[in-house]
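To keep things clear, I will list the structure first and then write my remarks on it.
The values are calculated or read from the model by the stated rules, or taken from the named source; none is laboratory data. Being a predicted model, the structure only gives us computed values, none of them experimental. No Cβ is skipped: glycine too gets one built from the backbone with ideal geometry, and neighbour counts run over all protein chains shown. Remember, those area values only see protein heavy atoms, side chains included, never the ligands or the DNA or RNA. Shrake-Rupley method; radii C 1.70, N 1.55, O 1.52, S 1.80 Å.
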Amino acid sequence: MTESPERAIFHLLRAVTVEYGLRQGEFAVRNGMHATDVRALICLLDAERAGVDATAGWLGAQLGLNSAGTTAVIDRLERLGHVARIRDDRDRRRVLLRVEDRAKELGGASFGPLIDRTVALLREFDEGEVDAVRRFLTGVREIMAASRTPPPPSSSPSPTSSPRARTTGMCGGCAGAIVNAVTGW
């Protein structure tokens, strides 16, 4: 049975996502991190690019973790020198999370060649094609976000039981893997 061109593209997108997840896993192992730590760094870098103040609560929501799981991730990243907790200048009661330059350099060294090659590939496309790729990936990301199943109200999600953590594998979902590869690690 021949699959439709649309399904073939979906399966290609899934294969790219799996491959990108493998690269994240390799990065985590090489740097003494957990896969969730890498996803947390990606979420924090995305927040920084978007001008979003990242708090522990915000990060936990992005990763589908309860407060204990989120604290464990932040503590590990802080011990490794990848993240700092800083007081918000506008509200001293609030603590923000900042990715340290060391983590950005480490990520750039690992993912920089992938980013550069992906950007070079995109430069072979004309403006209309790049716009079509952007619209497609944005649409897939929105579909993925809309399809999340929230945990039952009485339960606290764990890193492995949360539908978001289980289905997206990274901040922003399936399309986020490619968008992250194109726009920076």
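At what distance in nm do the modelled label points of Leu22 and Arg49 sit from each other, each positioned 7 Å from its Cα along Cα→Cβ?
2.3 nm
Hey, any idea what % of region 1-53's accessible area is carbon plus sulfur with a 1.4 Å probe?
Carbon-and-sulfur percentage of accessible area, whole number: 62.
Express the accessible area of region 1-152 per residue in Å², computed with a 1.4 Å probe while the remaining protein chains stay in the model. Mind showing how you got there, number by number?
Values: 9510 Å² over 152 residues.
On a per-residue basis, region 1-152 sits at 63 Å².
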